[in-house]
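Shown next, in structure tokens, is the structure this report addresses.
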Amino acid sequence: MTTALETAIETFSTDLGLAHDIVHGDDTTVVTTDGGDVNSLAKTIAEAEATAAAIIAPSTAAAVAAQAGAEAAQTAAEAAQTASEAAEGTAVAAAGSAGDAQTAAEAAQTGAETAQGLAEGARDDAVTAQTASEAAQTASETARDQAQEIVGETISDLGAGTEIDLGLGASWFKKTFAAGAVAMTVTNWKAAGTISSFVLEAKNLGLATPTWPASRHWAADVEPVFSDSATDLISVMSGDGGVTVYAGVGLFGLNPGA
């Protein structure tokens with residue numbers, strides 16, 4: 001007859017296998033779990049990068065177009081200014097004529113006023129184009145920031161710390177232990193109904209005397225014997241916001257003596 005311990009070990013071994021496929025699967029891997037299909041990390045990152053590219057590309061194109069519009073408007077403003085200066089020159093020349101000097105002056109004045117209006121309109125267009133360019137640049141930077149957040153998972157080295165903060169966005173934490181008592185804590189679990197999981201790369205944990213939160217459950221509720229001169233990979237997961245946490249050592253004694 002299968003004992004409860006054997007059933008628990010078999011179930012946890014199956015869960016570790018699923019977690020391994022999620023962490024190490026390629027960018028086409030989809031893992032079927034009791035709660036539904038879950039993409040591998042590689043597939044999630046690939047999809048996120050594609051989404052980020054789709055967000056950034058239109059904003060970048062808009063920024064380029066707006067900049068081109070600003071430059072064209074500036075060119076038009078300079079041309080209008082040149083026309084205004086030419087009209088003023090015509091007015092001066094016309095003043096020297098005897099018969100039609102007044103008419104030429106008036107025509108030149110009208111031309112100058114028209115050119116001035118064009119210059120002002122071009123300047124306004126340049127300001128509008130510049131504003132559009134700045135807005136497009138801001139949209140592009142926002143899209144880039146969103147894309148970085150999507151693919152922002154990293155490995156977090158705890159150093160001397162003992163808090164595993166899931167709010168950092170990392171799914172892999174590492175720590176080298178020394179002799180003595182150490183109390184490990186986990187904060188910022190995802191809300192109940194959402195899977196939270198991470199791997200702790202524990203080096204020389206067997207040298208320490210660790211204490212874990214009361215919610216931590218090992219196989220058969222028996223804490224494993226950890227390596228004192230090698231690295232153990234501990235998989236941890238919860239589906240109820242950290243109220244109940246399941247943990248187990250997937251790999252023992254890696255890279256001994258290093």
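Across region 154-258, C-alpha contacts under 8 Å between residues 6 or more apart give a mean separation that, scaled by the residue count, equals a relative contact order of 25 percent.
Counting only aspartates and glutamates at least 8 places from K175 when in the same chain, those with an alpha carbon closer than 17 Å to its own are D157, E163, D165, E201, D228, D232.
Neighbour counts of C-beta atoms inside 10 Å place H24, H217 in the sequence H24, H217, starting with the fewest.
The numbers here are math on the coordinates, done by the rules we state, and not lab data. Small disclaimer: the values here were computed from a predicted structure and weren't measured. Reconstructed Cβ throughout: ideal geometry from the backbone, glycine too, with neighbour counts over all protein chains shown.
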